[in-house]
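To keep things clear, I will list the structure first and then write my remarks on it.
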Protein chains: 2
Amino acid sequence: MDRKSVADLESDGPGTGTLGKAMAVLEAVAMADRPQRFTDILQSVRQPRGTLHRLLGHLVDEGLLVQRGDLSYEPGLRLLKLAYRSWSGNQFRDIAEPHLLRLHELTGETVHLGILRETEIIYVDKVESRQTVRMSSQIGKASPAYCTGIGKAALSSLPQGELERIAAKTQFVPFTERTHRSSPSLLAEIEEIRREGHAFDREEHEAEICCVAAPIVVPEHELVAGISVTGPSYRVTMTQLAAWAADVRRAAGKIEEEVRIRLGPGRGGR
Amino acid sequence: MDRKSVADLESDGPGTGTLGKAMAVLEAVAMADRPQRFTDILQSVRQPRGTLHRLLGHLVDEGLLVQRGDLSYEPGLRLLKLAYRSWSGNQFRDIAEPHLLRLHELTGETVHLGILRETEIIYVDKVESRQTVRMSSQIGKASPAYCTGIGKAALSSLPQGELERIAAKTQFVPFTERTHRSSPSLLAEIEEIRREGHAFDREEHEAEICCVAAPIVVPEHELVAGISVTGPSYRVTMTQLAAWAADVRRAAGKIEEEVRIRLGPGRGGR
DNA sequence: GGATTTGTTCCAATATGTGGAACGGTGTTT
DNA sequence: AAACACCGTTCCACATATTGGAACAAATCC
């Protein structure tokens with residue numbers, strides 16, 4: 001049987017093979033808000049006790065998890081180390097950064113760069129207002145695509161088939177009263193976003209937070225991403241956001257272009 | 001056969017079992033400076049072609065690697081996502097942070113927080129001088145313990161046996177002319193560091209960069225870490241560093257104490 | 001003291017991963 | 001143009017690592 005078969009399970013299913021199971025366990029621990037005990041994990045990942053126990057042992061051996069004094073498990077440092085390389089070596093982020101800075105100077109608000117990964121947007125960079133801000137507060141953070149500006153912008157630039165596949169896979173959680181509650185409602189907005197070339201988040205993910213976003217697509221690298229300007233709604237009106245839309249689109253376009261030039265068509269990084 | 005058997009290989013050996021091999025491959029790709037092709041990887045990880053090929057396939061399926069148009073592999077976004085949780089959920093960093101900030105205000109120089117992991121120090125936080133600084137420029141970065149301030153400070157607070165095991169495992173790379181070149185020389189300095197309670201890095205890792213560091217130990221959590229104040233040697237003299245040593249020790253002590261209180265003896269996070 | 005829950009260990013059955021060898025494609029050399 | 005070298009992929013008999021039910025302690029609750 002081939003891997004990418006019928007409706008690739010990826011993040012929902014138990015994961016293919018041994019590695020898949022191990023990763024499912026790892027993710028269960030990483031995504032939990034507090035250290036997970038054996039039994040907690042046993043319930044998230046449905047695996048026989050013996051199996052789970054060995055799996056955890058291996059993960060600890062590998063430094064992906066650490067077991068604490070009270071026997072509970074936490075994500076290990078090896079993940080940080082690996083991610084550092086994954087992030088600092090990311091040429092896309094590197095290219096985009098100057099454009100993010102420029103956009104920040106223009107607007108004075110927080111600017112995000114995020115990449116689409118199935119139903120999620122993963123933030124890879126952020127430039128924020130010069131308060132005493134936590135450094136990489138969001139880098140690596142994953143948010144649902146269907147209720148964020150970048151997410152919707154990115155989705156809007158997918159082929160219809162892909163879009164529908166992802167929409168079908170999406171779990172619609174009503175974060176605020178304005179959050180899309182179903183696939184049709186999302187797909188309708190996507191139509192509009194396609195026409196406009198930019199997406200808004202009207203307090204759909206977090207109350208009092210809204211943004212404008214534009215998509216960045218580099219088919220040669222199978223990259224679908226987006227940038228956004230975000231602000232608190234008491235300070236940033238929708239009219240203001242609409243006025244910035246063109247700038248955001250322009251910046252996104254510049255990044256797209258530069259990625260194509262610097263990374264070349266379809267081939268390697270340098 | 002038991003896992004933690006004779007001289008646990010961990011990061012050198014091919015890694016135990018299937019997961020170990022997969023991680024070895026992942027690490028090989030992540031630690032390389034540029035996208036790795038099949039053959040490149042084949043040389044780093046000594047595995048049969050068939051095996052490696054399947055391994056890579058699984059890693060891609062899991063989103064740990066991505067394969068690009070030219071068939072080369074890069075670290076995938078899933079790592080970032082996992083690491084974000086590993087980092088943002090790290091209570092230790094959370095507790096330490098205010099102390100780092102205070103130390104930064106006192107000295108005006110860059111302050112680091114790093115955790116010891118076998119022969120390496122992994123940086124988990126950083127507060128730096130208010131230039132237009134790259135955000136999380138070093139978070140997750142791994143540096144050798146034997147030639148960094150935090151590293152040596154951390155090593156100094158290990159039981160002698162552990163220390164020697166790690167020293168034996170260390171690869172002594174002569175980064176600068178002042179870098180320790182062998183285990184005895186390192187062990188001798190560690191003795192001194194134990195007496196003083198703080199460690200210096202006298203341009204041992206990077207030329208023109210030096211620091212003072214103090215260890216943080218929380219045995220209940222099997223945590224050995226350290227903090228440091230770092231500066232360029234043209235601006236920060238050894239005398240200056242020595243003057244800060246007491247402050248660094250004090251901050252480290254405070255963090256140690258607070259971790260013990262907030263995380264409780266040997267048991268869970270909250 | 002007995003009952004329940006939790007983490008750990010054991011082991012035969014078997015699914016999974018192993019790795020040498022063969023295959024087809026691309027680009028280079030003669 | 002044929003011969004060669006290199007690279008990524010596929011195949012398959014074999015071996016090993018994973019599986020998962022069940023038994024085992026140890027703590028915790030009633």
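Quick note: the coordinates plus some simple rules give every number you see, no bench work behind them. If you're wondering where the values come from, they're calculated on a predicted model, not measured in any experiment. Reconstructed Cβ throughout: ideal geometry from the backbone, glycine too, with neighbour counts over all protein chains shown.
Ascending distances from the B:Thr39 label point to its copies in the other chains, with the point 7 Å along the Cα-to-beta-carbon line: 5.6 nm. Considering only A:Arg85, A:Arg249, A:Arg202, the Gaussian network model of chain A with Cα springs below 10 Å gives its largest mean-square fluctuation to A:Arg85. Highest GNM mean-square fluctuation among B:Val236, B:Val124, B:Val248, for chain B modelled with Cα contacts below 10 Å: B:Val236. Label-point distances for B:Glu206 to the equivalent site in the other copies, using a point 7 angstrom along Cα→C-beta, read 3.1 nm when ranked shortest first. Taking all Cα pairs closer than 8 Å and separated by 6 or more residues, the relative contact order of the range A:89-263 comes to 24 percent. In the protein assembly as shown, helical runs assigned H by DSSP with n ≥ 4 each contribute -39500 (n - 2.57); averaged across all residues and rounded to the nearest 500, the mean residue ellipticity at 222 nm is -14500 deg cm²/dmol. In degrees, nearest 10, range 0 to 90: what is the angle between the Cα axis of helix B:160-169 and the longest Cα principal axis of chain B? Helix B:160-169 sits roughly 50 degrees off the main axis of chain B. Here A:Gln91 and B:Phe38 are evaluated by their C-beta separation; at R0 = 25 Å the FRET efficiency comes out at 0.75.
Treat the range B:89-263 as a sphere of radius equal to its Kirkwood radius over Cα pairs and apply Stokes-Einstein at 10 °C in a medium of 1.306 mPa s; give the translational diffusion coefficient in µm²/s, rounded to a whole number.
100
Between identical copies, the spacing of B:Gly108 label points, each set 7 Å from Cα toward the C-beta atom, reads 3.0 nm from nearest to farthest.
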